[in-house]
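The values are calculated or read from the model by the stated rules, or taken from the named source; none is laboratory data. Keep in mind it's a predicted model, so treat the numbers as computed, not measured. Reconstructed Cβ throughout: ideal geometry from the backbone, glycine too, with neighbour counts over all protein chains shown. Accessible surface areas use protein heavy atoms only, side chains included; no ligands, DNA or RNA. Shrake-Rupley method; radii C 1.70, N 1.55, O 1.52, S 1.80 Å.
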Amino acid sequence: MNMTDRFITDRLLLRRWTDDDCEPFAQLNADPEVMRYFPNTLTKVESDALVDRFEQGFAANGFGLWAVEVDGQFAGFTGLNRTSFKTPMGPHVEIGWRLAKWAWGCGYATEAAESVLNTAFKNFGLQEVFSFTTETNKKSEAVMQRINMSRRVDLDFEHPNTPGWWGAKHIVYQASSMES
């Protein structure tokens, strides 16, 4: 499996994480608006642990969730993750993203996700990639649509790690290597 530590799109740099990313990532994860579709905001300790988990994903899989830079400024992440909890998709790779508020509405999430999805199929030989979000997260769903993922109503699920949370119901999209 090839290891892609960094790649460049028209406007973005996607790269492995550095210690300098931890503070702006913690600020992003502490922002209630950014974390609106998650059960909680994260503490600095939780955010740092997430960066460690992202880096472990690279070590285990050769891919992971890359830090995203816009004009040299940390903007968030986009990447691939092997889901560790039970879903109707079974063991699978998901594509996900989270950006700071200042980076919203600029097409960065779509640009980064499109590049990552192409990399998933061409560099890592994945046959399919899924994405999911709460059913009310229309902006994230719009990114899934813009990168030509297909809606999979038959795979919608209640997130097993968030029982009782208002956003537990998740919608699912899928991309296959034949579609890319």
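How many residues are assigned to a helix (DSSP H, G or I) and touching a residue at least 12 places away in the same chain (Cβ under 8 Å) if we restrict to region 1-22? Don't jump to the end; show me each part of the working.
We begin by selecting, within region 1-22, every residue assigned to a helix (DSSP H, G or I); these are 19-22.
Next cut, touching a residue at least 12 places away in the same chain (Cβ under 8 Å) only: 20-22.
The qualifying residues number 3.
Is it true that Gly125 is on the phi > 0 side of the Ramachandran plot, at pLDDT 95 or above and open to solvent by 30 Å² or more (accessible area, probe 1.4 Å)? Steps first, answer last, please.
Values: on the phi > 0 side of the Ramachandran plot: yes; at pLDDT 95 or above: no; open to solvent by 30 Å² or more (accessible area, probe 1.4 Å): yes.
So Gly125 fails the test.
Which of the following residues is at positive phi and open to solvent by 40 Å² or more (accessible area, probe 1.4 Å): Gly62, Gly105? Before you say what the answer is, go through the steps one by one.
On the way: Gly62 fails: open to solvent by 40 Å² or more (accessible area, probe 1.4 Å).
That would be Gly105, the only listed residue that is at positive phi and open to solvent by 40 Å² or more (accessible area, probe 1.4 Å).
Look at region 152-180 and say how many of its residues are open to solvent by 80 Å² or more (accessible area, probe 1.4 Å) and hydrophobic (A, V, I, L, M, F, W, C).
Qualifying residue count for the region: 3.
From the residues in region 48-71 that are at pLDDT 95 or above, over 15 Å from the mean Cα position of the chain (by Cα) and not acidic (Asp, Glu), which one is nearest to Leu13 (Cα to Cα)?
Val70
For region 129-151, which positions are open to solvent by 80 Å² or more (accessible area, probe 1.4 Å) and of a type in the set (D, E, K, R)? Walk me through how you get there before you give the answer.
Initial filter on region 129-151 (open to solvent by 80 Å² or more (accessible area, probe 1.4 Å)): 135, 138-139, 145-146, 148, 151.
The answer is Glu135, Lys138, Lys139, Arg146, Arg151.
Of the residues that sit in region 77-102 and are touching a Ser or Thr at 6+ places or on another chain (Cβ under 9 Å) and open to solvent by 20 Å² or more (accessible area, probe 1.4 Å), which one is farthest from Glu55 (Cα to Cα)?
Among them, the one singled out is Met89.
When both residues are 6+ apart or on different chains and their Cβ atoms are under 7 Å apart, which pairs have a first residue that lies in region 148-161 and is within 10 Å of Thr134 (Cα to Cα), and a second that is open to solvent by 40 Å² or more (accessible area, probe 1.4 Å) and part of a loop (DSSP other than H, G, I, E, B)?
Taking only residues 6 or more apart or on different chains, the pairs are Phe157/Pro88.
Across region 1-56, what is the total count of residues that are acidic (Asp, Glu), touching a strand residue (DSSP E or B) at 6+ places or on another chain (Cβ under 8 Å) and surrounded by 13 or more Cβ atoms within 10 Å (Cβ to Cβ)? Give the steps one after another, and end with the answer.
In the first step, residues of region 1-56 are kept if they are acidic (Asp, Glu); the result is 5, 10, 19-21, 23, 31, 33, 46, 48, 52, 55.
Right, trim to touching a strand residue (DSSP E or B) at 6+ places or on another chain (Cβ under 8 Å) and you get 5, 20-21.
Imposing the further condition that a residue be surrounded by 13 or more Cβ atoms within 10 Å (Cβ to Cβ) reduces the set to 21.
Total satisfying the criteria: 1.
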